[in-house]
Structures are given as C-alpha cells and as structure tokens.
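The values are calculated or read from the model by the stated rules, or taken from the named source; none is laboratory data. Predicted, not measured: the structure shown is a model, and the values here were computed from it. In this analysis, Cβ positions are derived from the backbone assuming ideal geometry, glycine residues included, and neighbour counts consider all displayed protein chains.
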Amino acid sequence: MIRTATPDDLDAIAALHLEARATYYRGHLPDTEYAGPEELARTREGWSRAVARGDVLLAERDGEPAGVAAYSRVDGDAGTVTLTQLHVHPAHWRRGIGTELHTACVAIWRAEGLTEARLLVFEKNERARAFYTTHAWTRSPDTPHASTHLVLRLTLAPAAE
C-alpha cells in the first residue's frame, strides 16, 4: 500500500532512510555523514518538513514501512519538481516497492501539470542509477554533476485524460 506519510511515521521513516543510505555510502563516505544520533536527528528534522508539506509517500508491507519517497517543487520553475528522496528498506529490495513509489510520484506530478522532474543520485550507487535509467531518467545536459552526485532529469508527459 502507498499512502501519504503523517507525523506519526517520522521515526520509522528516519530509521528506514538511514538504513538504506548506509548500504550505498558505506565505504565511500565517513560513517558520521550517514549514521549516528546526530545524523538521525538531522534526518528526522528534514523528513518532518517534507511530511508537513504533504510531499512524502510511504510504502507499507504488512503494516510496516518498507519504502519512502519525497519530492518538492522547484522555486521559480512552476513546471519542475525534484525527487529529493526515494528509499526502500534493504530487506524489501527487488519486490517492486521502488517502482510503486516512483509510479505514484509520477502520477501526482503529471496530475499537477508538472513537465520535468530532477534528482541527484550518488554516483557510486550503481543500484539506484540502474533503477532510474530503467524508469527513463537521463543525465542532465545542463548540469550533469553536483559534487559526488549525478544530476538526472525525467520529462513528464501530460496526464492522460
């Protein structure tokens, strides 16, 4: 089931986020950048703002959070949205949860009349890069890199009537 996240979900979302990020940052970044109590507090605060905007979708399996996605509109560009987060708990990988979350986000964006989505993906996260390629994301020709991340974009076709 995919639903809009609520403030009651924040602890579970923050824990899921940190667990997922550890799988691709471990060995590439210092642990303090993706783990520990300070990072958990910072992560929870960021998710709290996104949940308050209503821009967080939560995937549940058997009543437990299995994946999460967040997005935000780009200031000054009414047609663009940024997919800020899309994480699936490693215990639920390869079960279609990421695709379900992605599909739900795209449906919302199209219904809102948005024309382009953008995201940053950690360059060394080959699993995520393959996922986004499968879902028609391409490297941004304008800004292909942002530090250790690749900038990807997705052209959104209008919603079917």
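Among the candidates Thr138, Thr82, which residue alone is among the polar types (S, T, N, Q) and under 11 Å from the mean Cα position of the chain (by Cα)?
Answer to the selection: Thr82.
At pLDDT 95 or above, within 15 Å of the chain's Cα centre (by Cα) and over 11 Å from Ile2 (Cβ atoms), is that true of Leu101?
No; evaluated as a whole, the condition is false for this residue.
So is Glu123 over 17 Å from the mean Cα position of the chain (by Cα) and surrounded by fewer than 17 Cβ atoms within 10 Å (Cβ to Cβ) or not?
It is false that Glu123 is over 17 Å from the mean Cα position of the chain (by Cα) and surrounded by fewer than 17 Cβ atoms within 10 Å (Cβ to Cβ).
Free of Cβ contacts under 8 Å to residues at least 12 places away in the same chain and closer than 24 Å to Met1 by Cβ: is that true of Arg94 in this structure?
Considered against the rule, which asks whether it is free of Cβ contacts under 8 Å to residues at least 12 places away in the same chain and closer than 24 Å to Met1 by Cβ, Arg94 comes out as yes.
If you check Thr148, Thr133, Thr143, which single one turns out to be modelled with pLDDT of 95 or more, of a type in the set (Ser, Thr, Tyr), over 18 Å from Thr4 (Cβ atoms) and more than 12 Å from the chain's Cα centre (by Cα)?
Thr133
Among the residues that make up the range 143-158, is at least one of them over 14 Å from Gly67 (Cα atoms), in contact (Cβ under 8 Å) with a residue 40 or more places away in the chain, hydroxyl-bearing (Ser, Thr, Tyr) and assigned to a strand (DSSP E or B)?
Yes, there is a match, as at least one residue in the range 143-158 is over 14 Å from Gly67 (Cα atoms), in contact (Cβ under 8 Å) with a residue 40 or more places away in the chain, hydroxyl-bearing (Ser, Thr, Tyr) and assigned to a strand (DSSP E or B).
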